[in-house]
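The structure appears below as structure tokens.
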Amino acid sequence: MNQTNWSDDADEQMRLDALKQYHILDTGPEQQFDDIVTLVSSICNTPMATVSLVDEHRQWFKSRLGIALDETPREIAFCDHAIRQTDIFVINDATRDHRFSDNPLVTGPPFFRFYAGAPLVNRDGFVLGTLAVLDVVPRTLTQEQRQAMSILSRQVVAQLELRRSLDVLARTIEERDRTQQQLRLSHKHLENRVADRTAALNIANASLKAQFEETEKQAVQSQAIIDSLPGIFYVFDENGEFVRWNKNLERVTGYSGEEVARARMRDFFGSDEDKILAEEKMRTVLAEGKATLEADLVTRSGRRIPYYFTGVRINLDGRVCSAGMGFDITEQRRSEESLRLRNRAIQASVNAIVITDLEGNIEYTNPAFERITGYPVAESVGRNCRFLQGDDTQQSGVTALREAVHKREERSVLLRNYRKSGELFWNDVHIAPVRGPDGKVTHFVGVLNDITEIKHYEQELERQANFDSLTALANRNVLTDRILQAIAAAQRNGTFMTVGFMDLDNFKFINDSLGHNIGDELLKGVAQRLAACLRGQDTIARYGGDEFAFVLVGQKDEKSIAALMERILKTVGHPFDVQGHKLFVSCSIGLAAYPKDGKDADTLLKNADAAMYRAKERGRNNFQFYTPAMNKRVTERLSLESKLRQALAGNEFALHYQPKVDLRSGLIVGVEALLRWHTTSGGVVSPSSFIPLAEETGLIVPLGEWVLYTACAQARALQDAGFPPLRVAVNISARQFERESLVNMIREALETSGLEPNYLELELTESLVMENPQEVIKILHDLKGMGLLIAIDDFGTGYSSLGYLQRFPVDRLKIDQSFVRDIGADPNDAIIARAIISLGHSLGMSVIAEGVSSVEQLAFLRENDCDEMQGFLFSRALPIDELTLLLKDNHNLGAH
């Protein structure tokens, strides 16, 4: 079992810091966590289950079922052990485990005996706590229950991440509120400045008043001064009637001097609210001496202009009046709104944005900077950007960046930077100079894009291109290269080299009976033993499926090679302990030597393959050196391939259709098209004989194209004959799916036949869609865009990622018949079938069961709300004419 070492105080502190970021401790119950706890308890059939989070001193239950405790001290918590693991931690019987036998939770209430905890690992690799199931009696977990716990533990982490994202959003809103407060303070500052200008205006008004009183000429001159003011000027009495105004008031409002003289102050405001507010401000001026107002000035044409009005109390000709000016603030409001939007965009950006001076000292960072680097604003502002490089300063990007700063120009570079935690991240940074009003550069703005995931993806692609993802052995690309290198060395040295081809005997039986997970673990075990048998200069590769190939160099003769093969046979023949199963396998090996058996890589591999098949014919669990006579088998296979090509050209194929039945209505709602080969001699070739060969030779592509066109045409013909439209399901092979022309081929088949896209369903195996999920998602979206239906066939036999399954645009899951076959006999198959139905429905997909052959299976499927079924209980696969008769008879599931 893998174990994480938390003895390092720094690592533990980092884990605790990561936990605190979720702000979840001591919070109330939440439905999504309670639902997961209920589900895992149901799947594992335990009375108790928890979602536990572990801090410095305790384990605290975010959600619990069947447990009265809210928390326990950390030193007695089982979860304190589970968080140190990367896999599920299981205590089958605590009373028999010296680590826990005296634990107060075991010796006293609630008397735990069994515990299983799946670590909750967040995206940064920190274990926050566990998803656990408990019981007061000893027990074990099945592999399926372990898998379910692993999937549900990731779902708990996903809920925690979602919760944290919502918390970040709340803090972003809080930041927005602080920004709005700053804007209000800015407005207050502006009001103060206007007040200062108003005070100055009061002085000017007093001066004007004195001039008015002196002479008529001075009055005319003062009016000229008023008319020259940049804004509108006004004086009105206690009744709001205008006593004095400037020409700008007439020009802006569109009213003549006579009209202004007859108007009152409130007439220039549009809404009732503005009118009332203006009158209140006028009363404030008369009572307190001054006031200001922001409101819309309404012109004669009805246009509304935002204005800032001032007013001061004056004595004019013995009357108490209000005098002031108004300023158009349209551009100011636009500027403020534009500034607010730009600031919000910067704050909300997913990329880090930095503003520095010309020396690279940080003056501003947005929230994304802290999220990416881990450095808060307080720790960043004032520091030089170079601190992100740490000691890793010898980078070409750093030199390019310095050159751009020196030349005051834009530049994009790729840097290795380091987060506050010390973790490396790849930074695609773009800098641009900021120029002042005089055109001189005053600052630089930088945009930081964390492309670490892209870099990891590129590295993973490179690894996948050269190594097998399951066994970590070399793949075919590397194998071919090593063979060529070995041939070249043998040519130079006048020696020989050997290519071996190995196939596991009866692996398919183990894989089909125990499942792909156990099969995969067995393959990894075989790979490890093979690697241990060979020397460092030799090459071992996984060729595909259960086939391995190796390159042997530096061997003396066939005798030494034979001794090595005997050791491999013996090593592989030892039993394998895989997930509680004791498995025995053997292998068959074929060998071909350069230059005797071939002088190029393809020939050597082909002849080694022929020798391997000879080893299988000799009873398996042996090895054979290649001889020319072994090519007879190859000839026989070529003969079958030739007949297959002739059958395709000679129209020897036909489609049979197995009905799909709706379990609620009992009616036929669709059919699956199944390929049959009837030879010209009257014989029938089993699909299990020719389909694998068609896949291997590539003939599955034209064969699949024929199936698609024929199924579409016959489905349309049934509609034209007056039958209700049925969806027709066509199986798509991996070879077809890799072809770029798949979408065009389907579109052409639909157009040629006239079948509507929503009546065509494509069935893809679970293993196919997981081979390259990112590319599959793109192709599936193209197909869904055409209106097609998508189904995943043989579901439950592969290893689908729940994360990818959510992203696949899939309409239907098809329960593999291996799980349906033993419903009623094997409780594990019933659990798996029930879980698939629940999973499909929770993802918005319908579920169909195949291979239904008994009333008991049918009752189980109906009881668990399965949507559809197909199988011999209702009908075998039928030729098109027999299917037509079945539809005419309105055959339905009611009779069963």
Shape call for region 542-697, from the Cα gyration tensor axes a ≥ b ≥ c (a/c under 1.5 means rounded, otherwise prolate when a/b beats b/c, else oblate), comes out oblate
Relative to the longest principal Cα axis of the chain, at what angle does helix 687-697 sit, 0 to 90 degrees, rounded to 10? 60
What are the lysines whose alpha-carbon lies under 20 Å from the alpha-carbon of residue 814, with same-chain residues fewer than 8 places away excluded? 660, 784
Any lysines with Cα under 28 Å of the residue 407 Cα? List them, leaving off those in the same chain fewer than 8 positions away. 440
State log₁₀ I(q)/I(0) for region 106-204 at q = 0.11 Å⁻¹ as given by the Debye formula over alpha-carbon point scatterers of equal weight, solvent excluded. -0.60
Taking only C-alpha positions in region 25-70, Rg and Dmax in angstrom work out to 10.6, 31
How high is the relative contact order of region 77-129, in percent, counting Cα pairs under 8 Å that sit 6 or more residues apart? 40
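Could the peptides 265-271, 400-406 be put in order, highest first, of the mean number of other beta-carbon atoms found within 10 Å of their residues?
On the way: 265-271: 18.3, 400-406: 15.7.
Top of the packing list down: 265-271, 400-406.
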Kirkwood calc, region 681-730, C-alpha pairs only, radius in angstrom 12.8
Would you calculate the volume per residue, in Å³, of the smallest convex hull containing every Cα atom of region 410-499? 179
Express in whole angstrom the spacing between the alpha-carbon centres of region 535-554 and region 643-672. 42
Nearby lysines by direct alpha-carbon distance to residue 606 (threshold 30 angstrom, same-chain neighbours under 8 apart not counted): 508, 524, 556, 559, 570, 596, 616, 632, 643
Using only the Cα atoms of the chain, what do you get for the radius of gyration and for Dmax, in Å? 40.1, 133
How big is region 47-151 by Rg and Dmax over its Cα atoms, in Å? 12.7, 37
Descending principal axes extents, region 304-399, alpha-carbon based, whole Å: 82, 26, 23
For region 472-484, take each phi angle, set θ = phi - 60°, evaluate the Karplus expression 6.51 cos²θ - 1.76 cosθ + 1.60, and give the result in whole Hz per residue in order, putting x for glycine and proline. 6, 7, 4, 9, 4, 4, 5, 4, 4, 4, 5, 5, 4
Would you mind estimating how fast region 502-625 diffuses translationally, via Stokes-Einstein at 37 °C and 0.692 mPa s with the Kirkwood radius over Cα pairs, in µm²/s? 220
Of all accessible heavy-atom area on the chain, the percent that carbon and sulfur account for (1.4 Å): 51
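Could you sort the peptides 183-192, 97-106 by per-residue average Cβ neighbour count (10 Å cutoff), highest mean leading? Present the calculation step by step, with values, prior to reporting the outcome.
Numbers: 183-192: 11.8, 97-106: 14.1.
The densest-packed peptide leads the list: 97-106, 183-192.
The values are calculated or read from the model by the stated rules, or taken from the named source; none is laboratory data. Bear in mind the structure is a predicted one, so any value in this text is a computation, not a measurement. Glycine gets a Cβ as well: all are built from the backbone with ideal geometry, and neighbour counts include every protein chain shown. For the accessible areas, the whole protein counts, side chains as well, though only heavy atoms, and no ligand, DNA or RNA atoms are used. Shrake-Rupley method; radii C 1.70, N 1.55, O 1.52, S 1.80 Å.
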